[in-house]
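Inspection log for the structure reproduced underneath, given as structure tokens.
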């Protein structure tokens, strides 16, 4: 076997010296190709092994309407308070962006077979932002305060009928009077540090505006205006946050009196993100190339009929005519500028598994109007001198002419008044006369809704979870302070709602809500119109923010600890 060896330097120089000019050109060209192809090949190999990962750093600035007053999970009811509470506090459980629940301060939980007992174990080494450990006493203190009837927490209703006891230093047990399908959501309640809150009444405690929690972000700076009102909060990551140190190094929340001030601050780049704006503002910002995101909220807007006030609504033909005559797609298009979806049911789109967004119908609105006119004519309604419908009926042995007309009571918000006007126009096409009564919000609540003084109420229901349907449709909720504004009574529906609220098995519970919808569809105590979108203007640099399963605006912070604005490329082997 021959021995091979590399040529010597002398031999290489001899060969190169023998090249002609043409051969030198070919040689240099080949060397250039070799070098370039080697570089490209190495880049390809490097790129194959590189991944883009979040980098800690950067900042974002958020704008919110309103000024914070009670930044604590027990009293927080306004958007500014809820937003800050969501960033600063954490609970036993945390709602994930896919709608599921994950352990937060809790290491684990166990549910008894009968669905009445929940046992939670607290994680080791969990701390508040002042360095003090989170203990079982903090959890007991927080829940006791929520249940305190004097405090009147918005979360109190979630904990009525729930008893609890400390088992040991890391274990707490909750006992329910009856199974409650949504109970685990209650345990997302942010936990207060008892050592800061037990010295003064909850409403007067300085910690309301200088909050300390165990959530992903902690207060670094509070800046006030010369008037003494809060201008902005500067938050920084809480490095000991149990689910991992957040990526974004600074979040600034600035507060504004109204939407005009909010959008102006966005335009002059004082802030880079805003939310809870009207569809009109969203469209204007979209035209300026801002990134506008939106998702359907669990809100149900509809016409809720008061049969006690106007007997017309006992007539299924009339109610069906109202339902078919209203162009719901036009409401979404002209009132919400497309930021919403038309609905036909009392359960918000996507709230539970079987729900699907309304896909619409192939029948044109003109064809629908023609059908409605035929149905009403067949039922004996005839056109009067003004072009509206009337009907002669016999009441108490005498003939009476009934007019097909009713009033719509609603709030004075621009979207509601415009929706009412469009409904009036649609119903006029088929001969139904409508009077619009617009009220300031406080007046509407006190003098119209509470005493049930309306024919039809153009109103929106906020349905945070399935169990809220009980408050809107169970017969026991017909009178104030109940929220059954349709004054609806159906023994079968009552039983379905009662059973559904205590059914833990999801499949069985969904079947009950399908039955509920079928009964509502048959009785038609309301005409369901649309569900609006939650609208958010987000910075194009912000990654990992998702609002897919948002229930309330503050839910957009559920995974704030995973948000990032800066990235770097690293080899896969170095990714944790």
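The values are calculated or read from the model by the stated rules, or taken from the named source; none is laboratory data. The structure presented is a predicted model; accordingly, all values stated were derived computationally and were not measured. Here Cβ is always computed from backbone atoms with ideal geometry, including for glycine, and neighbour counts include all displayed protein chains.
Please go through the stretch 445-462 and give me each residue that is within 14 Å of residue 528 (Cα to Cα) and under 27 Å from the mean Cα position of the chain (by Cα), ordered by number.
457, 458, 459, 460, 461, 462
For residues that are part of a strand (DSSP E or B) and surrounded by fewer than 17 Cβ atoms within 10 Å (Cβ to Cβ), tally how many sit in the stretch 102-126. Write out each step before concluding.
Step one: list which residues in the stretch 102-126 are part of a strand (DSSP E or B), which gives 102-103, 106-111, 117-122.
Then drop every residue that is not surrounded by fewer than 17 Cβ atoms within 10 Å (Cβ to Cβ), which leaves 102, 107-108, 110-111, 117, 119.
Summing the residues that are part of a strand (DSSP E or B) and surrounded by fewer than 17 Cβ atoms within 10 Å (Cβ to Cβ) in the stretch 102-126 gives 7.
Residue by residue through the stretch 262-277, note down the ones that are closer than 26 Å to residue 333 by Cα, surrounded by fewer than 19 Cβ atoms within 10 Å (Cβ to Cβ) and touching a residue at least 40 places away in the same chain (Cβ under 8 Å). Steps first, please.
Step one: list which residues in the stretch 262-277 are closer than 26 Å to residue 333 by Cα, which gives 262-264, 266-267, 273-277.
The next check asks that each one be surrounded by fewer than 19 Cβ atoms within 10 Å (Cβ to Cβ); those that pass are 264, 267, 276.
Result: 276, single match.
Every residue, every condition in (1) within 22 Å of residue 560 (Cα to Cα); (2) at pLDDT 95 or above; (3) within 24 Å of the chain's Cα centre (by Cα), yes or no:
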residue: 189; (1), (2), (3): yes, yes, yes
residue: 204; (1), (2), (3): no, no, no
residue: 212; (1), (2), (3): yes, yes, no
residue: 217; (1), (2), (3): yes, yes, yes
residue: 225; (1), (2), (3): no, no, no
residue: 243; (1), (2), (3): yes, yes, yes
residue: 248; (1), (2), (3): yes, yes, yes
residue: 252; (1), (2), (3): yes, yes, yes
residue: 255; (1), (2), (3): yes, yes, yes
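Among the residues of the stretch 504-540 satisfying the criterion of being in contact with a helix residue (DSSP H, G or I) (Cβ under 7 Å, 6 or more places away or on another chain), at pLDDT 95 or above and in a strand (DSSP E or B), which is farthest from residue 556 (Cα to Cα)?
So, considering only residues that are in contact with a helix residue (DSSP H, G or I) (Cβ under 7 Å, 6 or more places away or on another chain), at pLDDT 95 or above and in a strand (DSSP E or B), the one farthest from residue 556 (Cα to Cα) is 527.
Rundown of residues vs (1) surrounded by 22 or more Cβ atoms within 10 Å (Cβ to Cβ); (2) under 17 Å from residue 304 (Cα atoms), yes/no style:
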position	(1), (2)
391	no, no
399	no, no
402	no, no
405	no, yes
409	yes, yes
419	yes, yes
452	no, yes
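Among the residues of the stretch 491-503, which ones are without any contact (Cβ under 8 Å) to a residue 24 or more places away in the chain and either surrounded by 16 or more Cβ atoms within 10 Å (Cβ to Cβ) or not in a helix (DSSP H, G or I) (or both)?
First, pick out the residues of the stretch 491-503 that are without any contact (Cβ under 8 Å) to a residue 24 or more places away in the chain: 491, 494-496, 499.
Residues satisfying the conditions are 494, 496.
When only residues in the stretch 293-308 that are over 29 Å from residue 556 (Cβ atoms) and at pLDDT 95 or above count, which is surrounded by the fewest Cβ atoms within 10 Å (Cβ to Cβ)? Full working, then the answer.
Of the residues in the stretch 293-308, the ones over 29 Å from residue 556 (Cβ atoms) are 303-308.
Imposing the further condition that a residue be at pLDDT 95 or above reduces the set to 303-306.
Values: 303: 25, 304: 25, 305: 27, 306: 19.
Residue satisfying both the conditions and the ranking: 306.
If I ask for residues that are surrounded by 13 or more Cβ atoms within 10 Å (Cβ to Cβ) and touching a residue at least 12 places away in the same chain (Cβ under 8 Å), which ones from the stretch 145-160 would you list?
145, 146, 147, 151, 153, 154, 155, 158, 159, listed by residue number.
Restricting attention to the stretch 439-459, does a residue exist that is in contact (Cβ under 8 Å) with a residue 40 or more places away in the chain, touching a helix residue (DSSP H, G or I) at 6+ places or on another chain (Cβ under 6 Å) and in the same structural domain as residue 510 (by TED's automatic domain parsing)?
yes
Look through 173, 129 and report the one residue that is touching a strand residue (DSSP E or B) at 6+ places or on another chain (Cβ under 6 Å), buried (at least 17 other Cβ atoms within 10 Å of the Cβ) and either free of Cβ contacts under 8 Å to residues at least 60 places away in the same chain or part of a loop (DSSP other than H, G, I, E, B) (or both).
Numbers: 173 fails: buried (at least 17 other Cβ atoms within 10 Å of the Cβ).
Result of the check over 173, 129: 129.
Could you say which residue among 372, 434 is in contact (Cβ under 8 Å) with a residue 12 or more places away in the chain, on the phi < 0 side of the Ramachandran plot, in contact with a helix residue (DSSP H, G or I) (Cβ under 6 Å, 6 or more places away or on another chain) and in a helix (DSSP H, G or I)?
Working: 434 fails: in a helix (DSSP H, G or I).
Of 372, 434, the one residue that is in contact (Cβ under 8 Å) with a residue 12 or more places away in the chain, on the phi < 0 side of the Ramachandran plot, in contact with a helix residue (DSSP H, G or I) (Cβ under 6 Å, 6 or more places away or on another chain) and in a helix (DSSP H, G or I) is 372.
Please indicate, with yes or no, whether at least one residue in the stretch 455-466 is farther than 25 Å from residue 331 by Cβ, crowded, with 20+ Cβ neighbours inside 10 Å and at pLDDT below 90.
Step one: filter the stretch 455-466 for residues farther than 25 Å from residue 331 by Cβ, giving 465-466.
Filter again for crowded, with 20+ Cβ neighbours inside 10 Å, leaving 466.
Pick out the ones that are also at pLDDT below 90 and you get 466.
Checked against the condition, which is being farther than 25 Å from residue 331 by Cβ, crowded, with 20+ Cβ neighbours inside 10 Å and at pLDDT below 90, the stretch 455-466 yields at least one hit.
Would you check which residues across the stretch 132-143 are in contact with a strand residue (DSSP E or B) (Cβ under 9 Å, 6 or more places away or on another chain) and not in a strand (DSSP E or B) and list them?
First, the residues of the stretch 132-143 that are in contact with a strand residue (DSSP E or B) (Cβ under 9 Å, 6 or more places away or on another chain): 133-137, 139-140, 143.
Those that are in contact with a strand residue (DSSP E or B) (Cβ under 9 Å, 6 or more places away or on another chain) and not in a strand (DSSP E or B): 134, 135, 136, 137, 139, 140, 143.
Restrict the check to the stretch 83-90 and report whether at least one residue is at pLDDT 95 or above, part of a loop (DSSP other than H, G, I, E, B), within 24 Å of residue 135 (Cα to Cα) and assigned by TED's automatic domain parsing to the domain that holds residue 151.
yes
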